[in-house]
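What follows is a set of notes on a single structure, which appears directly below.
Any read-out appearing in this document is the output of simple, stated calculations on the displayed coordinates, not a laboratory observation. Just so it is clear, the model here is predicted, and its values are computed rather than measured. Cβ placement follows ideal geometry from the backbone for every residue including glycine, while neighbour counts extend to all protein chains displayed.
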Amino acid sequence: MRQALFLLNMGGPNTISEVKLFLQNMFSDKNILPVNPLVRKLIRTIIVKKRLHEAQENYEALGGKSPLPDLTMRLIKKLQTKLDMPIYPAMRYVPPFADDALKQCRQDGVEELILFPMYPQYSTTTTLSSVEDIEARCKALGYNPKITVIDPYYDKYGYIKASVEQIMQAAEGIDTKEYDLLLSAHGLPISIIKAGDPYQRQVEANVSVIKIYLHEHGIKFHDIKLVYQSKVGPSAWLEPSLADTLRNPTNKKVVIYPLAFTIDNSETAFELDIEHREIAEKIRYEDYIVAKCMNDSDSFVQFIADQVNLLR
């Protein structure tokens, strides 16, 4: 059976002019805003109008685009040395969308699409949204391949190993026993969790497994805390928030690892490394270190290849 691998992600604007498209598509998503379509359209209009200028400024600070598309292509280039199959990026809210890749797959007689969510923990707002997007685009093309989705991997050994390697790379040259490790996951509204989304439970399990791995390898931090970032709007979200944790420090030496992202994007490169760093600087932190996402690390490349090979 001919197979192709799709790496599913939200995507990131390739230009400043794409920021508006990114916001419009995100807040048009029924999984992001699970409300009546008319209400969703109204909320989307308000959010885009309110956030567009600030979001464009944020991307200006990152050089005019998200780092995510280029990093994804670097990952794919490495994966191509490990896997003998076509590999495509499939972004949810900005190009590259899946359409061209799906047309190519249909033309090439690909019978099975293996979908690898770049989200370690499952959420309706991420994995489900991306999978439904692929299914809808296949249907629109009249293309009916077998679709296989890689399971959430937040507690898989290879993923945990790759995560800790990123943490320790950031912590090189420091005495980790003097530092708090803040594991920062993207937040979600409490209403989505109460509706049955397993994200919070999987994030907490992810933290537990990292703690076990660190302990077994003799790596000690002063404290390890789970925090949440990226809150939008007035509704109740998962807590504690990273911003509140930074503003009320019990330790002014921290290493922050982005727990819910595998590829660096605006919420790591800007929100963590620029915006929240400003909070730390105002409060006179002694050290503020942000670890990189796995991106195209050799361990992450091998992990993805291993997960795909289990299906072959």
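Checking the condition surrounded by 13 or more Cβ atoms within 10 Å (Cβ to Cβ), in contact with a helix residue (DSSP H, G or I) (Cβ under 6 Å, 6 or more places away or on another chain) and within 30 Å of D99 (Cβ to Cβ), which residue from Y143, Y213 passes?
Values: Y213 fails: within 30 Å of D99 (Cβ to Cβ).
Result: Y143 is the single residue among Y143, Y213 that is surrounded by 13 or more Cβ atoms within 10 Å (Cβ to Cβ), in contact with a helix residue (DSSP H, G or I) (Cβ under 6 Å, 6 or more places away or on another chain) and within 30 Å of D99 (Cβ to Cβ).
Confirm whether T72 is surrounded by fewer than 21 Cβ atoms within 10 Å (Cβ to Cβ) and of a type in the set (S, T, Y). Give the derivation first.
Values: surrounded by fewer than 21 Cβ atoms within 10 Å (Cβ to Cβ): no; of a type in the set (S, T, Y): yes.
For T72, the condition - surrounded by fewer than 21 Cβ atoms within 10 Å (Cβ to Cβ) and of a type in the set (S, T, Y) - is not met.
Just one of I274, I289, I263 is touching a helix residue (DSSP H, G or I) at 6+ places or on another chain (Cβ under 9 Å) and assigned to a strand (DSSP E or B); which is it?
On the way: I274 fails: assigned to a strand (DSSP E or B); I263 fails: assigned to a strand (DSSP E or B).
Only one candidate qualifies: I289.
Please name all residue pairs, on different chains or six or more residues apart, with Cβ atoms under 9 Å, provided the first residue is in the stretch 219-242 and is on the phi > 0 side of the Ramachandran plot and the second residue is among the hydrophobic types (A, V, I, L, M, F, W, C) and assigned to a strand (DSSP E or B).
Pairs found: S230/W237.
What are the pairs, 6+ residues apart or on separate chains, where a residue within the stretch 124-148 that is touching a residue at least 12 places away in the same chain (Cβ under 8 Å) and over 24 Å from R312 (Cα atoms) has its Cβ under 7 Å from a residue that is among the charged types (D, E, K, R) and exposed (fewer than 15 other Cβ atoms within 10 Å of the Cβ)?
Listed by first residue and then by second, the contacts come to R137/D99; L141/K103.
So, in the stretch 254-281, how many residues would count as being in contact with a strand residue (DSSP E or B) (Cβ under 8 Å, 6 or more places away or on another chain), surrounded by fewer than 22 Cβ atoms within 10 Å (Cβ to Cβ) and more than 18 Å from L226 (Cβ to Cβ)?
Number of matching residues: 4.
Exactly one condition in (1) out of contact with any strand residue (DSSP E or B) (no Cβ under 6 Å at 6 or more places or on another chain); (2) part of a loop (DSSP other than H, G, I, E, B); (3) small (G, A, S) is false for S235; which is it?
The one condition S235 does not meet is (1).
What pairs come out if I take residues in the stretch 13-29 that are of a type in the set (A, V, I, L, M) and pair them with residues that are surrounded by fewer than 20 Cβ atoms within 10 Å (Cβ to Cβ) and in a loop (DSSP other than H, G, I, E, B) whose C-beta lies under 8 Å away, six or more apart or interchain?
Here the result reads I16/G64; I16/K65, each pair linking the stretch 13-29 to a residue that is surrounded by fewer than 20 Cβ atoms within 10 Å (Cβ to Cβ) and in a loop (DSSP other than H, G, I, E, B).
Just to check your reading of the model, which residue among L246, L259 is under 19 Å from the mean Cα position of the chain (by Cα) and of a type in the set (A, V, I, L, M)?
Numbers: L246 fails: under 19 Å from the mean Cα position of the chain (by Cα).
Matching residue, one of L246, L259: L259.
Could you check, for the stretch 3-18, whether at least one of its residues is surrounded by 16 or more Cβ atoms within 10 Å (Cβ to Cβ), under 25 Å from F116 (Cα atoms) and over 21 Å from the mean Cα position of the chain (by Cα)? Outline the logic, then answer.
Looking only at the stretch 3-18, we keep the residues that are surrounded by 16 or more Cβ atoms within 10 Å (Cβ to Cβ), and these are 3-14, 18.
Among the residues that remain, those that are also under 25 Å from F116 (Cα atoms) are: 3-14, 18.
With the extra rule that they be over 21 Å from the mean Cα position of the chain (by Cα), the set shrinks to 3-4.
Taking every residue of the stretch 3-18 in turn, at least one turns out to be surrounded by 16 or more Cβ atoms within 10 Å (Cβ to Cβ), under 25 Å from F116 (Cα atoms) and over 21 Å from the mean Cα position of the chain (by Cα).
Between R106, R137, which is under 23 Å from I32 (Cα atoms), charged (D, E, K, R) and in contact with a helix residue (DSSP H, G or I) (Cβ under 9 Å, 6 or more places away or on another chain)? Quick ask: steps written out before the conclusion?
On the way: R106 fails: under 23 Å from I32 (Cα atoms).
Selected residue: R137, the only one of R106, R137 that is under 23 Å from I32 (Cα atoms), charged (D, E, K, R) and in contact with a helix residue (DSSP H, G or I) (Cβ under 9 Å, 6 or more places away or on another chain).
Just to be sure before I move on: is V255 touching a helix residue (DSSP H, G or I) at 6+ places or on another chain (Cβ under 7 Å), touching a residue at least 12 places away in the same chain (Cβ under 8 Å), of a type in the set (V, I, T) and farther than 20 Å from Q121 by Cβ in the structure I sent?
Details: touching a helix residue (DSSP H, G or I) at 6+ places or on another chain (Cβ under 7 Å): yes; touching a residue at least 12 places away in the same chain (Cβ under 8 Å): yes; of a type in the set (V, I, T): yes; farther than 20 Å from Q121 by Cβ: yes.
The answer is yes for V255.
Could you please find all residues in the stretch 26-51 being surrounded by 20 or more Cβ atoms within 10 Å (Cβ to Cβ) and either in a helix (DSSP H, G or I) or among the small types (G, A, S) (or both)?
Answer for the stretch 26-51, where residues must be surrounded by 20 or more Cβ atoms within 10 Å (Cβ to Cβ) and either in a helix (DSSP H, G or I) or among the small types (G, A, S) (or both): just M26.
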